[in-house]
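> Okay, handing you the structure first.
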Amino acid sequence: MRQLVRVLLGDTSTGVSRALVSGISLMAISVFAMGCASHSLMPAAQSEAIRDRERALASRADTIQSVIKQSGKVGALAFLDARDAHLVVLPGDSPADAWARYSASPESQTNPVSMPAAATFVYRADVPKAPETVTASALQQERTTAAALAADLHQLQDRLDLIQRELAATRGDTDKAVADMRALGDDLESVRKFMLQTAQLGWLNHELTLENASGVRKMAATSQELSASSARLEDSMRQLSESLAGQLKEVAARLDAIQGKIQNIK
């Protein structure tokens, strides 16, 4: 274990500070102590298998660090393929991220790997963390949980899309209702203008009727005055005719008298 930690983290002469080295050393000692305690509680065969795995990875530390450096990730999930024991390095920012990246890559279909019961997540040389042991069951559980979360997220997205479509339909109905209200408002405005024009025509007709009635009354009064004047004129003409007739008779009588006197003189 000490060899794995020392080799995977790299040489301290590469520029890592003494404080960083001290921290790494303390963590390595802690991991080593835990490893020793764990190994002492394990069956001999299992403990030996773990040591063999650690030694195999430690011997390939340069390759593992090279792959991590090229990927630009925090670390990589490293293990020996359970079928042919070739080295597998899966870069990622965490064990779950590394396994998820591999599972989503075309390589998982074209060239699948067989992960053993346990693997090691190795951090980049400049990251002050000791390697971590990761079990395949834990990765599978995390993947299952992530898939469940993705399914829930997909359902939420579907519901969100449905709500957005319903909102769009509601917005369309609202826009149509607003357009209908505007059309109704225009119709009401047209009716109001028509009623106003009708009222104005009615008022004008009423005024004309009043003027006509006044004219008729004036014509009636004038007609009555003409009738009265005609009657007075007729009476005056009758009186004048009667007076003229009397005067003519008197003149005739005088002329007869004068003629008689003339005859008498002859």
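The values are calculated or read from the model by the stated rules, or taken from the named source; none is laboratory data. All figures in this text were calculated on a predicted structure; none of them were measured in a lab. Note: ideal-geometry Cβ built from the backbone for every residue, glycine included; neighbour counts use all protein chains shown.
> When you look at Val7, is it modelled with pLDDT of 85 or more and of a type in the set (A, V, I, L, M), yes or no?
no
> Follow-up. Mind listing just one residue for me: the one in the range 54-109 that is of a type in the set (Ser, Thr, Tyr) and not in a loop (DSSP other than H, G, I, E, B) and, of those, nearest to Ala147 (Cα to Cα)? Reasoning before the result, please.
Initially, the range 54-109 is screened for residues of a type in the set (Ser, Thr, Tyr), giving 59, 63, 66, 71, 94, 102-103, 105, 108.
Then keep just the ones that are not in a loop (DSSP other than H, G, I, E, B); that gives 59, 63, 66, 71, 102-103, 108.
Details: Ser59: 35, Thr63: 32, Ser66: 31, Ser71: 25, Tyr102: 15, Ser103: 12, Ser108: 17 Å.
Top of the filtered list is Ser103.
> Evaluate the range 137-152: report whether one residue or more is of a type outside the set (Ser, Thr, Tyr), over 30 Å from Ala78 (Cα atoms) and assigned to a helix (DSSP H, G or I).
Within the range 137-152 (the criterion being of a type outside the set (Ser, Thr, Tyr), over 30 Å from Ala78 (Cα atoms) and assigned to a helix (DSSP H, G or I)), the answer is yes, since at least one residue qualifies.
> Out of curiosity, is Ala169 exposed (fewer than 10 other Cβ atoms within 10 Å of the Cβ) and under 41 Å from the mean Cα position of the chain (by Cα)?
Working: exposed (fewer than 10 other Cβ atoms within 10 Å of the Cβ): no; under 41 Å from the mean Cα position of the chain (by Cα): yes.
In short, no.
> Name the residue that is farthest from the chain's Cα centre (by Cα), counting only residues in the range 73-107 that are closer than 20 Å to Thr63 by Cα, small (Gly, Ala, Ser) and surrounded by fewer than 20 Cβ atoms within 10 Å (Cβ to Cβ).
This residue is Ala85.
> Still on this structure, please answer the following. Taking the options Val178, Val113, name whichever one is without any contact (Cβ under 8 Å) to a residue 40 or more places away in the chain, under 21 Å from Asp52 (Cα atoms) and either out of contact with any His (no Cβ under 6 Å at 6 or more places or on another chain) or in a helix (DSSP H, G or I) (or both).
Working: Val178 fails: under 21 Å from Asp52 (Cα atoms).
Of Val178, Val113, the one residue that is without any contact (Cβ under 8 Å) to a residue 40 or more places away in the chain, under 21 Å from Asp52 (Cα atoms) and either out of contact with any His (no Cβ under 6 Å at 6 or more places or on another chain) or in a helix (DSSP H, G or I) (or both) is Val113.
> Would you say Ala125 is surrounded by 11 or more Cβ atoms within 10 Å (Cβ to Cβ), in contact with a helix residue (DSSP H, G or I) (Cβ under 6 Å, 6 or more places away or on another chain) and without any contact (Cβ under 8 Å) to a residue 40 or more places away in the chain? Even if it seems obvious, please write down each step before you answer.
On the way: surrounded by 11 or more Cβ atoms within 10 Å (Cβ to Cβ): yes; in contact with a helix residue (DSSP H, G or I) (Cβ under 6 Å, 6 or more places away or on another chain): yes; without any contact (Cβ under 8 Å) to a residue 40 or more places away in the chain: no.
So Ala125 fails the test.
> Inspect all residues belonging to the range 108-122 and state whether any of them is farther than 30 Å from Arg60 by Cα, of a type in the set (Gly, Ala, Ser) and surrounded by 10 or more Cβ atoms within 10 Å (Cβ to Cβ).
no
> Among the residues of the range 86-143, write down those that are closer than 17 Å to Gln65 by Cα and among the charged types (D, E, K, R).
Hits for the range 86-143 are Asp93, Arg124, Asp126, Lys129, Glu132.
> Would you check which residues across the range 116-133 are in a loop (DSSP other than H, G, I, E, B), in contact with a Gly (Cβ under 9 Å, 6 or more places away or on another chain) and either under 18 Å from His86 (Cα atoms) or basic (Lys, Arg) (or both) and list them?
Correct list: Arg124, Lys129.
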